[in-house]
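The values are calculated or read from the model by the stated rules, or taken from the named source; none is laboratory data. If you're wondering where the values come from, they're calculated on a predicted model, not measured in any experiment. Positions of Cβ are generated from backbone atoms using ideal geometry, with glycine treated the same way; all protein chains shown enter the neighbour counts. Heavy atoms of the whole protein, side chains included, go into the accessibility calculation; ligands, DNA and RNA do not. Shrake-Rupley method; radii C 1.70, N 1.55, O 1.52, S 1.80 Å.
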Amino acid sequence: MNDQRPRFLPSALSAIQKESEQRGALAIIPFVLIACACVSGAVAGFIPASFWSPEKRELSVAFYAGVLTFNGLTLALGWAAFSRIYDVLLRGEFGKYLMKNGLLNDYILHITYMHIFEVVAVVATANGLVSALLPNIPLLLSRLIFAGCLMWTAYAVKQAVTAVTAMNDLVWQAAFFEANSPSASGNVHSIR
C-alpha cells in the first residue's frame, strides 16, 4: 500500500481505461458535455447582436454577474457535498476497507473531477463578465464566450447533482457496511 495519494492525471486515465474496458469505447465520450455545448451554442446563436452592444452593456454585465453568482453558489454547495463525502470516507473501518480494496482513490478522483468543472464554470463566467466590459470584442468571439459560459455552467450543475448523488450513495454504503461489520453485530451477514 502506497502512502502517497495518487496524482489526478494517472488516476483519471486509469479510470477511463477501466470504464472503457467495462462499457466499451462509448464510455469515454462525454455525451452530457457535448449536449451542453450544442444547446449552449444554439442559444448563443439566437441571442440578438444588440445584447453585446455598448448601449445594452448593463444587460450583458447583469447577466454575467448573475451567472457568476449562481456558479459561486453551485461551487459552495458542491463543497458542502464534498465535505460530507470526506466525512464518510474518513470513518474508521469503512475508510480502511475502501483503502484496502483500492476504492478510496476512485472517490477522491471523482470529487476532484467535479471540483475542476465547477471551478471552470466560475472562470468561464468571469471571463464573460470581463469581455462584456471590454470594447470592440468581435461578435463571433462574444457569442463563443457566451456559449462557453452557458456550457460550463450547465455542466457544473450536472457535476453538483452528481456530487449530491455520490454523497447519498456513499452514506448508504457506509451505513450498510457499519451495520453488517463483525463489530456491529458479532456476525458477518451476506449482502445477497
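For the reader, a short list of remarks on this structure follows.
- Checking Ile137 against (1) within 30 Å of Lys18 (Cβ to Cβ); (2) more than 14 Å from the chain's Cα centre (by Cα); (3) of a type in the set (A, V, I, L, M), the condition it does not meet: (1)
- Note on the stretch 18-74: among residues that are touching a residue at least 24 places away in the same chain (Cβ under 8 Å) and β-branched (Val, Ile, Thr), the one that is surrounded by the most Cβ atoms within 10 Å (Cβ to Cβ) is Val67.
- Tally of residues being surrounded by fewer than 18 Cβ atoms within 10 Å (Cβ to Cβ), over 17 Å from the mean Cα position of the chain (by Cα) and in contact (Cβ under 8 Å) with a residue 40 or more places away in the chain across the stretch 146-172: 1
- Test for Gly102: is it at positive phi and open to solvent by less than 80 Å² (accessible area, probe 1.4 Å): yes
- Within the stretch 130-140, the set of residues being open to solvent by 40 Å² or more (accessible area, probe 1.4 Å) and part of a helix (DSSP H, G or I) comprises Val130, Leu133, Leu139, Leu140.
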